[in-house]
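Accompanying notes for the structure given below.
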Ligand code: TEU
């Protein structure tokens, strides 16, 4: 027995504010722009928005470097606009999940400005200072330690130099974070997405960053001090989670988080322990094994899964693993059907629902992302050829996901009347929301239907999962719920494929081409996908 939660039936949609909708012509998306698109999101059917950071920030990492957690970046609007977004979203039945970035602050945050003043400043110990650096490296290239001229000491930054790491061992830091969370809870937010939360228990001297010994103590303490008695969705970003670790976060009796984002499937784009930039072909059989392991290991009542293909740090999934050219529409629907009929809370990244694609970056001056820009300089210095570095950025650079949302076929895809901060993908005249809404067979309506299916059917939310043995190109699974069975079959390839079974089909559920009459032999065209109730014998 288990308690049903609203966030188990929810479907969330990630908004990257900078690239969603500009309302004032400065070329940068903003909060009023988001509010103006709530009708669109309600039509899609989503019930929560994960809002990437909108807080005050010098924007070294597009807002993941926060200088004031209780203020809004002026390029995005102000607190009145934020309050309006919360109120309007509520009217549309949509909860706002705030991005909680508390592994680090901006170096322009008042705490760090104080901390830098002297070794005995009362905020000094809010951050991590050492007399000597060790071998820890930054996710954005180079050492994770930066020398502070005034004191001669080094501060830790696991991300950019402008993102000093907070010292979670300091109880005052933890209390300040909890107070800030309660400020937002009091405003009526629906929950938090917790940025790199698995790093807060780091032991820098032992070069331990992820999954430190006190991590779960801190999260339980946070839960009790903030959202524990509220019905909020909390999702931790945990690059280092295994299913066992995910249970520590999400088992209800542990009182930590609702769920985590795990990246085991995503990390198949490169060899383990190799840089993400050295991209390898997808091993489809591993993809099935990994996804299936997460589906079965996080049983209902013992933990909870999130489900996603895309976010603002990743390439567009159909571009890296699917087909974003001649089979783009069929492929985007196949990815959607495959993921949205699994157990867990799905997260859609803006533009995914219309099949947006990677951007054909050719030169580094077209790229804004600090991770890509720093990697480019580092690899150039190491002797890599510019064209090889650009090939990596084209494949997996973060700006692929950050090009402006394509709303219509007018200038700048309807994103802005000004000069967009990052180029609009040239395919916007065919790939845009207006065109999708006008075509009843569009990717948008496949997502709309999948979201509705989840709202209406407990088997989608809670059913057990069983992978079926097939050829590598086919991804097929059964869901079992209250004596009924549901079959999902996807041809995860550019070629035709044969699905064979001894099952007898019943009522069709969804398909991107057609529901087969006979499940004994089904010839699937590239990226065909269908779901059908199975008549048990
Ligand atoms: O990302 C965490 C993180 O580790 C990323 O740097 C990730 O490794 C990389 O993008 C994939 O190659 C989170 C945020 O989602 C990201 O946007 C921030 O830049 C980062 O934290 C720092 O806050």
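Please treat every number below as a calculation from the coordinates, not as lab data. Just so it is clear, the model here is predicted, and its values are computed rather than measured. All Cβ positions, glycine included, derive from the backbone under ideal geometry; neighbour counts span all protein chains shown.
Taking the conditions (1) surrounded by fewer than 23 Cβ atoms within 10 Å (Cβ to Cβ); (2) touching a strand residue (DSSP E or B) at 6+ places or on another chain (Cβ under 9 Å); (3) over 30 Å from residue 92 (Cα atoms) in turn, residue 223 satisfies each one other than (3).
Would you mind finding the one in 339, 268, 282, 287 that is farther than 25 Å from residue 458 by Cβ, more than 16 Å from the ligand (Cβ to nearest atom) and in a helix (DSSP H, G or I)? Working first, answer last.
Working: 339 fails: farther than 25 Å from residue 458 by Cβ; 268 fails: more than 16 Å from the ligand (Cβ to nearest atom); 282 fails: in a helix (DSSP H, G or I).
Matching residue, one of 339, 268, 282, 287: 287.
Yes or no: the range 98-120 includes at least one residue that is over 30 Å from residue 33 (Cα atoms), out of contact with any strand residue (DSSP E or B) (no Cβ under 9 Å at 6 or more places or on another chain) and not in a loop (DSSP other than H, G, I, E, B). Lay out the reasoning, then the answer.
Keep residues of the range 98-120 that are over 30 Å from residue 33 (Cα atoms), which gives 111-120.
Those still in the list that are out of contact with any strand residue (DSSP E or B) (no Cβ under 9 Å at 6 or more places or on another chain) too: 113-114, 117-118, 120.
Filter again for not in a loop (DSSP other than H, G, I, E, B), leaving 113-114.
Yes.
Name the residues in the range 302-331 that are within 23 Å of residue 9 (Cβ to Cβ) and within 16 Å of the ligand (Cβ to nearest atom), would you? Spell out how you get there, then give the answer.
Let us first name the residues in the range 302-331 that are within 23 Å of residue 9 (Cβ to Cβ), namely 302-311.
Once the filter is applied, which keeps residues that are within 23 Å of residue 9 (Cβ to Cβ) and within 16 Å of the ligand (Cβ to nearest atom), the range 302-331 yields 306, 308, 309, 310, 311.
Among the residues making up the range 52-77, a single one is in a strand (DSSP E or B) and either within 13 Å of the ligand (Cβ to nearest atom) or out of contact with any strand residue (DSSP E or B) (no Cβ under 9 Å at 6 or more places or on another chain) (or both): 55. Given the conditions (1) closer than 30 Å to residue 23 by Cβ; (2) surrounded by fewer than 18 Cβ atoms within 10 Å (Cβ to Cβ); (3) within 16 Å of the ligand (Cβ to nearest atom), which single one is not true for residue 378? For residue 378, the exception is condition (1). Evaluation of residue 347 against the conditions (1) within 16 Å of the ligand (Cβ to nearest atom); (2) closer than 22 Å to residue 460 by Cβ; (3) surrounded by fewer than 24 Cβ atoms within 10 Å (Cβ to Cβ) shows that the sole unmet condition is (3).
Between 309, 294, the distinction of being touching a strand residue (DSSP E or B) at 6+ places or on another chain (Cβ under 7 Å) and either within 23 Å of residue 529 (Cα to Cα) or in a helix (DSSP H, G or I) (or both) belongs to 294 only.
Residues in the range 45-61 that are more than 15 Å from the chain's Cα centre (by Cα) and within 14 Å of residue 19 (Cβ to Cβ): 54, 59.
Quick check, is residue 142 without any contact (Cβ under 8 Å) to a residue 40 or more places away in the chain, within 16 Å of the ligand (Cβ to nearest atom) and either under 24 Å from residue 223 (Cβ atoms) or surrounded by fewer than 16 Cβ atoms within 10 Å (Cβ to Cβ) (or both)? Reasoning before the result, please.
Working: without any contact (Cβ under 8 Å) to a residue 40 or more places away in the chain: no; within 16 Å of the ligand (Cβ to nearest atom): yes; either under 24 Å from residue 223 (Cβ atoms) or surrounded by fewer than 16 Cβ atoms within 10 Å (Cβ to Cβ) (or both): yes.
Considered against the rule, which asks whether it is without any contact (Cβ under 8 Å) to a residue 40 or more places away in the chain, within 16 Å of the ligand (Cβ to nearest atom) and either under 24 Å from residue 223 (Cβ atoms) or surrounded by fewer than 16 Cβ atoms within 10 Å (Cβ to Cβ) (or both), residue 142 comes out as no.
Taking the condition of being without any contact (Cβ under 8 Å) to a residue 40 or more places away in the chain and either assigned to a helix (DSSP H, G or I) or away from the ligand (no atom under 16 Å from the Cβ) (or both), how many residues in the range 209-238 meet it? Don't jump to the end; show me each part of the working.
Let us first name the residues in the range 209-238 that are without any contact (Cβ under 8 Å) to a residue 40 or more places away in the chain, namely 210-213, 215, 217, 219-220, 223-224, 228-229.
Subset that is either assigned to a helix (DSSP H, G or I) or away from the ligand (no atom under 16 Å from the Cβ) (or both): 213, 215, 217, 219-220, 223-224, 228-229.
Of the residues in that region, 9 qualify.
Tell me, please, whether a residue that is assigned to a loop (DSSP other than H, G, I, E, B), more than 14 Å from the ligand (Cβ to nearest atom), touching a strand residue (DSSP E or B) at 6+ places or on another chain (Cβ under 8 Å) and more than 15 Å from residue 197 (Cα to Cα) can be found in the range 248-258. No, because not a single residue in the range 248-258 is assigned to a loop (DSSP other than H, G, I, E, B), more than 14 Å from the ligand (Cβ to nearest atom), touching a strand residue (DSSP E or B) at 6+ places or on another chain (Cβ under 8 Å) and more than 15 Å from residue 197 (Cα to Cα).
A single entry from 299, 334 fulfils the requirement of being in a helix (DSSP H, G or I), away from the ligand (no atom under 16 Å from the Cβ), touching a strand residue (DSSP E or B) at 6+ places or on another chain (Cβ under 9 Å) and on the phi < 0 side of the Ramachandran plot: 334. Look at (1) more than 16 Å from the ligand (Cβ to nearest atom); (2) under 25 Å from residue 209 (Cα atoms); (3) surrounded by fewer than 22 Cβ atoms within 10 Å (Cβ to Cβ) and you find that residue 137 fails only one, number (1). State yes or no: is residue 241 within 18 Å of the chain's Cα centre (by Cα), at negative phi and in a loop (DSSP other than H, G, I, E, B)? The answer is yes for residue 241.
Every condition in (1) surrounded by 18 or more Cβ atoms within 10 Å (Cβ to Cβ); (2) away from the ligand (no atom under 14 Å from the Cβ); (3) in a helix (DSSP H, G or I) holds for residue 404 except the one numbered (3). Scan the range 498-521 residue by residue and report those that are over 34 Å from the mean Cα position of the chain (by Cα), surrounded by 14 or more Cβ atoms within 10 Å (Cβ to Cβ) and not in a loop (DSSP other than H, G, I, E, B). Correct list: 505, 506.
Here residue 71 fits the description: surrounded by fewer than 16 Cβ atoms within 10 Å (Cβ to Cβ) and closer than 18 Å to residue 18 by Cα.
Given 152, 191, which one is surrounded by 15 or more Cβ atoms within 10 Å (Cβ to Cβ) and more than 12 Å from the ligand (Cβ to nearest atom)? Steps first, please.
Numbers: 152 fails: surrounded by 15 or more Cβ atoms within 10 Å (Cβ to Cβ).
Going through 152, 191 in turn, the sole match is 191.
Looking at this structure, is residue 87 surrounded by fewer than 21 Cβ atoms within 10 Å (Cβ to Cβ), out of contact with any helix residue (DSSP H, G or I) (no Cβ under 6 Å at 6 or more places or on another chain) and touching a residue at least 40 places away in the same chain (Cβ under 8 Å)?
Numbers: surrounded by fewer than 21 Cβ atoms within 10 Å (Cβ to Cβ): yes; out of contact with any helix residue (DSSP H, G or I) (no Cβ under 6 Å at 6 or more places or on another chain): yes; touching a residue at least 40 places away in the same chain (Cβ under 8 Å): no.
So residue 87 does not fit the description; no.
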